[in-house]
Amino acid sequence: MSNVTFAQIPLELIRHVRKLKLSGAEYDLWLYLWELDPFGDRWVKIPTPSEIAKHLNVDRRTIQRASNTLQEFGLFEFEVKRWRCKNTTVSTKTKFVSGGKNVRSRTILPTNGSKCPK
């Protein structure tokens, strides 16, 4: 080991975290994030939940739930700067509209209790 870096976790904090009875994934995430931000003196950029999940060998949703738990216990704060969405309520059929745009036609959902169209 040529470049060894140390970060000291106070014993009081270790005891506090132990009392919280974190799950294995929550504890792994806490340690992973502690490694990325051992001082807590600034906001640090972290990988996406999917990337962290791959690194910790768990599902992305597990990371999201674990991050919620860590935030509820006051161990870490998370800030989302970029949020994306995709509308999945329209069909893949498109129609040409004046002005040169292709617009997807809306999926009409049945009101009589039958199943949604695929």
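No value in this document is a laboratory result; all are computed from the given coordinates. Note that the coordinates shown come from a computational prediction; the quantities given were computed from them, not determined experimentally. FYI the Cβ positions are ideal-geometry reconstructions off the backbone, even for glycines, and counts take in every protein chain you see.
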Let me know the charge dipole size of the stretch 11-72 about its Cα centre in debye, to the nearest 20, where only the beta-carbon of Lys, Arg (+1) and Asp, Glu (-1) is charged. 180 debye
Going from the fewest other Cβ atoms within 10 Å to the most, one would list Thr88, Thr69, Thr48 as Thr88, Thr48, Thr69
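Can you flag which of Lys21/Lys54; Lys21/Lys86; Lys19/Lys45 are past 30 Å Cα-Cα?
Lys21/Lys86
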Hey, can you grab everything whose amide H is under 5 Å from the amide H of Leu75? Only 5+ residues off in sequence or another chain; H modelled, so Pro and N-termini drop out. none
With a point put 7 Å past each Cα toward its Cβ, work out how far Arg61 is from Arg18 in nm, to one decimal. 3.3 nm
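Could you give the C-alpha radius of gyration of the stretch 11-72 expressed as a fraction of 2.2 N^0.38 Å, taking N as the number of residues it contains?
Values: Rg = 11.6 Å, N = 62, 2.2 N^0.38 = 10.6 Å.
Working it through for the stretch 11-72, the quotient is 1.10.
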Between Thr48 and Tyr27, what is the spin-label point distance in nm, taking each point 7 Å from the Cα along the Cα→C-beta axis? 3.0 nm
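I need the calculated FRET efficiency for the pair Phe39 and Cys85, taking r as the beta carbon distance and R₀ as 35 Å, to the nearest 0.05.
Efficiency at R0 = 35 Å is approximately 0.55.
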Relative exposure of Ile9, Ile63, Ile52, judged by other C-beta atoms within 10 Å (fewest first): Ile9, Ile52, Ile63
Using Cβ counts within 10 Å as a stand-in for footprinting exposure, how do Trp34, Trp83, Trp43 rank, fewest first? Trp83, Trp43, Trp34
